[in-house]
1. Go through (1) more than 14 Å from chain B (Cβ to nearest Cβ); (2) without any contact (Cβ under 8 Å) to a residue 40 or more places away in the chain; (3) over 15 Å from A:M75 (Cβ atoms) and name the single condition A:I243 misses.
2. Given the residues A:A157, A:A145, A:A102, A:A174, which is the only one that is modelled with pLDDT of 95 or more and not acidic (D, E)?
3. Find the residue count for region A:256-273, including only residues that are outside any strand (DSSP E or B) and either open to solvent by less than 10 Å² (accessible area, probe 1.4 Å) or within 17 Å of A:M143 (Cβ to Cβ) (or both).
4. Please report, ordered by residue number, the helices (runs of 4 or more DSSP H) entirely within region A:397-510 with at least 3 residues that are open to solvent by less than 10 Å² (accessible area, probe 1.4 Å).
5. Taking A:L284 as the residue in question, decide whether it is at pLDDT 95 or above, more than 9 Å from chain B (Cβ to nearest Cβ) and part of a helix (DSSP H, G or I).
6. Quick one: is A:R372 in contact (Cβ under 8 Å) with a residue 60 or more places away in the chain, over 25 Å from the mean Cα position of the chain (by Cα) and closer than 21 Å to A:V130 by Cα?
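The values are calculated or read from the model by the stated rules, or taken from the named source; none is laboratory data. Since this is a predicted model, take the numbers as computed values, not measurements. Note that each Cβ is placed from the backbone with ideal geometry, even for glycine, and that neighbours are counted across all protein chains shown. Please note that ligands, DNA and RNA were not included when accessible areas were found on the heavy atoms of the full protein model with its side chains. Shrake-Rupley method; radii C 1.70, N 1.55, O 1.52, S 1.80 Å.
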Amino acid sequence: MSETAVVVDVNWPIVAGFVGYLVILVVIAAYAGYARAGSMTDYFLGGRAMRYVVVALSSVTSARSGWLVLGVTGMAFVNGAAAVWAVVGYTVMELFLFLFVAPRIRRITGRMGDLTLPDFFVSRLRGGNVLRGIVVTVIVLFMIAYVASNFQAGGTAFAGTFNIDPEWGLLITAAIVVLYTMVGGYVAVALSDALQGLFMLFGLVVLPTVVVASLGWGPMFDTLQALNPALLDPLAVGAGMVIAWIGIGLGSPGQPHVVVRYMSVDDPKNLRPAALLATFWNVLMGWGAVYLGMAGRAIYETEDALPGQDPEALFPFMAGEYLPAIVAGILVAAVFAAIMSTADSQLLVGASGIVRDIYQRIIAGGRDIPSRSAVWISRGVVLAMSLAAIGLLYVPGAADAVFWLVLFAWGGLGAAFGPPLLFTVFWRGTTAAGAGAGVVTGALVTIVWYYTLSDYLFEGLPGFAASALAVWLVSLATARSRPADVEEQMRVMRGQDGPVTDSPEETASR
Amino acid sequence: MTNFVLFILPLLVLALAIAGYVLTKPREVQK
């Protein structure tokens, strides 16, 4: 291996930070594989026994990690104070989801023994394989594309830092993610995401604090004012951008890899403290990223001063400039970990759709699979899905399709699943046909809007609205197919059905 | 406006979270 040669041209604190992080990942995966990988519920939901701290942190990090650390700091560098709108929307939306949506989803999915988002739709709406097929197809397509693009991003970051070929960077990133996800399943993924949350909070609180303290708020604002007064005006980007950035929050309820976090908590009551913790985390990290971007702009003034003239390079660049080498090393490792923690969550959710929904429910007609074989089949699917994602990147047309899908991933998933999910949780009139119509309409409108009218309005907003309208109208038109036991389901979701919430078979097997 | 979005708004969001936490405290469920 040529790694020794690589280590020589790189500063050792970064290597030390990275290797240290990998060692922790291996320990987590080994623990998870040993402690909780006995059944499909263990492998895909941590046995519905996760602590609220892990649920809160892993939900906020797997939802945004790389985008927040690199993207929002870059947005604040370019646009100044207006970047706040990009963080406020999802922060408030996720608070609402944790307090009012997550407990309902947790109660009913526990009662029904649901493992995946398609499971939830089908059992709550008494839908059939058509609804399951629509939902799982959208999930698997978007997740494979997401995973491929995250492997690619990890490879590029890896290559830049360790001075190796990006193709090797990609393969190393993929190998690390696949190994610990295969071995440890959901517990490894959630614990590593929670650890990543600690790294990110550290980076997005300590670094802005150090940088702003070195400048002072007053002089920083004066410099920005002199550079361009619009940097201090949060409305300078125009109403369209403000609405679009707040609208990023509409993507949150439709992310399957975030919704499964809610399903995995040990007790629905613990989602209240999780809401509080997740919001503190979102606020500290989000505003930290904005402060850092603005401070970076005051210091460097133009993008030309940044590596590659790229505003998204601000975070690792400033970490190197302002922090002791070993701390900077840990933060650079955190950027890799950010990318990996998102890829692992998406990989596992895609694999759960293939094993649970496509294989067990649709192909095998709901037949039980022995727990041990289910876990091994799931591991095989994680591996196969990763190989497929990597393979796609090497096929020219397919690689284009991957990046094409990722363009819509956040807004498209939000529009496809957000309204059907919210209607299914809160409105007893929702039907399976209505939910299916919402998924298809949301995804299609987002894509069509992107190509036609996205200069005027972010495609996620009309996609979300069209999806909501489709769920409502089609549900009204198919009102006769409402589930007969809808009142009981609503009681279960509201927690008015006694304290025991999980299915008896599952509780017995714990 | 600048000071509002940079310093007051994050505190308002945190206050909202605390209010949500307090107000969603489960009451005794009527069976």
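1. The number of the failed condition is (2).
2. Details: A:A157 fails: modelled with pLDDT of 95 or more; A:A145 fails: modelled with pLDDT of 95 or more; A:A174 fails: modelled with pLDDT of 95 or more.
The match here is A:A102.
3. Start the filter on region A:256-273 by keeping residues that are outside any strand (DSSP E or B), which leaves A:256-264, A:266-273.
Narrowing the set further to residues that are either open to solvent by less than 10 Å² (accessible area, probe 1.4 Å) or within 17 Å of A:M143 (Cβ to Cβ) (or both) leaves A:256-264, A:271.
Residues flagged as outside any strand (DSSP E or B) and either open to solvent by less than 10 Å² (accessible area, probe 1.4 Å) or within 17 Å of A:M143 (Cβ to Cβ) (or both) within region A:256-273 amount to 10.
4. Working: elements: A:432-452, A:460-477, A:486-494, A:504-508.
It comes to A:432-452, A:460-477, A:486-494.
5. On the way: at pLDDT 95 or above: yes; more than 9 Å from chain B (Cβ to nearest Cβ): no; part of a helix (DSSP H, G or I): yes.
Judged against the criteria, A:L284 is not a match.
6. Working: in contact (Cβ under 8 Å) with a residue 60 or more places away in the chain: yes; over 25 Å from the mean Cα position of the chain (by Cα): yes; closer than 21 Å to A:V130 by Cα: no.
Considered against the rule, which asks whether it is in contact (Cβ under 8 Å) with a residue 60 or more places away in the chain, over 25 Å from the mean Cα position of the chain (by Cα) and closer than 21 Å to A:V130 by Cα, A:R372 comes out as no.
Yes or no, residue by residue, for (1) open to solvent by 40 Å² or more (accessible area, probe 1.4 Å); (2) of a type in the set (S, T, Y); (3) in contact with a Phe, Trp or Tyr (Cβ under 6 Å, 6 or more places away or on another chain):
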site	(1), (2), (3)
A:F162	no, no, no
A:W217	yes, no, no
A:G238	no, no, no
A:G254	no, no, yes
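One line per residue, one yes/no per condition, for (1) farther than 25 Å from A:V26 by Cα; (2) surrounded by 24 or more Cβ atoms within 10 Å (Cβ to Cβ); (3) in contact (Cβ under 8 Å) with a residue 60 or more places away in the chain; (4) of a type in the set (G, A, S):
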site: A:V283; (1), (2), (3), (4): yes, no, yes, no
site: A:A295; (1), (2), (3), (4): yes, yes, yes, yes
site: A:F315; (1), (2), (3), (4): yes, yes, yes, no
site: A:G353; (1), (2), (3), (4): yes, yes, yes, yes
